[in-house]
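The values are calculated or read from the model by the stated rules, or taken from the named source; none is laboratory data. Bear in mind that the values here come from a model prediction, so they are computed numbers and not experimental data. Glycine gets a Cβ as well: all are built from the backbone with ideal geometry, and neighbour counts include every protein chain shown.
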Amino acid sequence: MLVTNHETNHSELIHVVPKCIKIRNNVALPSIALKKANRYGFISTLEVGESFEINGDTPDFKPRSLVSAAYSIARHVRRTTNKDFRVACRTIEGTSTNPVVTGCWRIS
């Protein structure tokens, strides 16, 4: 809604919250990795040189979700253990925006 202040002759934009939206205070932000960490938590147990693949036939796993989960878990391990824990993920089949098979390697 655009309202003009007649005293200053300036217009200002006033945002009105729709009635169907409830604004809340002090709600904790959930961690992005929590849901994926439960499913992909085993990544933290990989030894250097080990790898695995996710494809369309892997039950409860999606090739598209592997990359962000793997890098989040590796970052979490580095921060909480001071361990040099790095992974590399690659699209093996398909495209990066629509992977069919994605692989993950523990590289350090």
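Residues that are more than 24 Å from ASP84 (Cβ to Cβ) and among the hydroxyl-bearing types (Ser, Thr, Tyr) were ranked within region 42-67; the one that is surrounded by the fewest Cβ atoms within 10 Å (Cβ to Cβ) is THR58.
For residues that are over 11 Å from ALA70 (Cβ atoms) and in contact (Cβ under 8 Å) with a residue 12 or more places away in the chain, scanning just region 91-106, find the one that is surrounded by the most Cβ atoms within 10 Å (Cβ to Cβ). Working first, answer last.
Let us first name the residues in region 91-106 that are over 11 Å from ALA70 (Cβ atoms), namely 91-101.
When the remaining residues are screened for being in contact (Cβ under 8 Å) with a residue 12 or more places away in the chain, the result is 91-94, 98-101.
Values: THR91: 18, ILE92: 14, GLU93: 13, GLY94: 15, ASN98: 9, PRO99: 23, VAL100: 14, VAL101: 17.
That would be PRO99.
Being within 19 Å of the chain's Cα centre (by Cα) and small (Gly, Ala, Ser) is the filter; apply it to region 88-108 and report the residue that is modelled with the lowest pLDDT. Here the residue is SER96.
Mind listing just one residue for me: the one in region 68-90 that is in a strand (DSSP E or B) and out of contact with any Lys or Arg (no Cβ under 8 Å at 6 or more places or on another chain) and, of those, surrounded by the most Cβ atoms within 10 Å (Cβ to Cβ)?
Going through the qualifying residues, I end up with CYS89.
Here the condition is being modelled with pLDDT of 80 or more and assigned to a loop (DSSP other than H, G, I, E, B); of PRO59, PRO18, it holds for PRO59 alone.
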